[in-house]
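The values are calculated or read from the model by the stated rules, or taken from the named source; none is laboratory data. Note that the coordinates shown come from a computational prediction; the quantities given were computed from them, not determined experimentally. When we count neighbours, we look across all protein chains shown, and the Cβ atoms used for this are built from the backbone with ideal geometry, even at glycine. For the accessible areas, the whole protein counts, side chains as well, though only heavy atoms, and no ligand, DNA or RNA atoms are used. Shrake-Rupley method; radii C 1.70, N 1.55, O 1.52, S 1.80 Å.
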Amino acid sequence: MRQVLTDLWETQTDSPFPGLTTHAYLWTGRNALFYSPATDAEFAEIEKLGGVADQYLSHRDEAGPMLKAIAQQFDSTLHAPTAELRDISRHAHVDVPLGSRHTDDNGIEVIPTPGHSPGSTCYQVHGAEGTYLFTGDTLIRNAEGRWWAGYIEGISDPDSLADSLRLLAGLEPDVVISSAFQGDTAVHRIRPGEWPDHVANALDGLPSSTGNARRG
């Protein structure tokens, strides 16, 4: 485990699929785990940090055998998108299906952002170093520092993704943490006032055939 913020810890780098690099993140403010590690290699260190009370998935690609292992090891509660229960429930029971925008009892804001996948969901928390926005694969910064949308031809819905990006543009995060990432890190501090421009760059990168991608 590596401490990346005062109250945020990052698991080891995983490559669950060729070309895909991820981390999971433990927010010790509520002992909430965002995304999912690919192995149980750091369970002992997670336990030392207080364990996992709740796990939050951003979308179905994070589902796998570790969901059940985490629930058994830490007696944790699994939160996951309602739209993807069929895929996720093959691996573990989903205790809290998520389908609408709200702030839950842990103080975590649930923000459905379909597009990358039907149930893609972002999460926002108020941490020790400001507001943290967990974007899953909906919004990622590449190795060159440009933000781009998690659009996959033939899988993602570009119009839904554009709508979700416009929703995210209205937020004011201090730190943005994606699931998959390029470059050295998925944890990025946002300068005041720059977030709308980052999201606009991602919108510009969506397919030009997306009819409503650039409507403000």
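I'd like to know if region 120-129 contains one or more residues that are buried (at least 17 other Cβ atoms within 10 Å of the Cβ), in contact with a helix residue (DSSP H, G or I) (Cβ under 6 Å, 6 or more places away or on another chain) and at pLDDT 95 or above. Within region 120-129, none of the residues are buried (at least 17 other Cβ atoms within 10 Å of the Cβ), in contact with a helix residue (DSSP H, G or I) (Cβ under 6 Å, 6 or more places away or on another chain) and at pLDDT 95 or above. Considering only region 107-119, how many residues are over 13 Å from the mean Cα position of the chain (by Cα) and either open to solvent by 60 Å² or more (accessible area, probe 1.4 Å) or hydroxyl-bearing (Ser, Thr, Tyr) (or both)? Looking only at that region, the number is 1.
On the given criteria, is ARG141 more than 20 Å from ALA32 (Cα to Cα), at pLDDT below 95 and within 16 Å of the chain's Cα centre (by Cα)? Yes.
Pairing residues of region 151-174 that are open to solvent by less than 70 Å² (accessible area, probe 1.4 Å) with residues that are basic (Lys, Arg), at Cβ distances under 9 Å and at least 6 apart in sequence or on separate chains, gives ALA162/ARG214; ALA162/ARG215; ARG166/ARG215; LEU167/ARG101; ASP174/ARG189.
Every residue, every condition in (1) under 19 Å from THR22 (Cβ atoms); (2) part of a loop (DSSP other than H, G, I, E, B), yes or no:
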| site | (1), (2) |
| --- | --- |
| GLY51 | no, yes |
| ARG90 | no, yes |
| SER100 | no, yes |
| HIS126 | no, no |
| PHE134 | yes, no |
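Considering region 60-81, the residues that are hydrophobic (A, V, I, L, M, F, W, C) and either touching a Gly at 6+ places or on another chain (Cβ under 7 Å) or part of a loop (DSSP other than H, G, I, E, B) (or both) include one that is modelled with the highest pLDDT, namely PHE74.
Of all residues in region 102-112, those being of a type in the set (S, T, N, Q) and either without any contact (Cβ under 8 Å) to a residue 24 or more places away in the chain or in a strand (DSSP E or B) (or both) number 1.
Restricted to region 155-172, and to residues there that are under 20 Å from GLU62 (Cβ atoms) and in a loop (DSSP other than H, G, I, E, B), the residue that is modelled with the lowest pLDDT is SER156.
Quick grid of which residues meet (1) basic (Lys, Arg); (2) open to solvent by 20 Å² or more (accessible area, probe 1.4 Å); (3) part of a strand (DSSP E or B); (4) in contact with a Gly (Cβ under 9 Å, 6 or more places away or on another chain):
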position: TRP9; (1), (2), (3), (4): no, yes, yes, no
position: ARG30; (1), (2), (3), (4): yes, yes, no, yes
position: PRO37; (1), (2), (3), (4): no, no, no, no
position: ALA41; (1), (2), (3), (4): no, yes, no, no
position: ILE46; (1), (2), (3), (4): no, no, no, no
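Of the residues that make up region 88-106, is at least one surrounded by 19 or more Cβ atoms within 10 Å (Cβ to Cβ) and in contact with a His (Cβ under 7 Å, 6 or more places away or on another chain)? Within region 88-106, one or more residues are surrounded by 19 or more Cβ atoms within 10 Å (Cβ to Cβ) and in contact with a His (Cβ under 7 Å, 6 or more places away or on another chain). Taken over region 70-87, residues that are open to solvent by 50 Å² or more (accessible area, probe 1.4 Å) and of a type in the set (Ser, Thr, Tyr) amount to 1.
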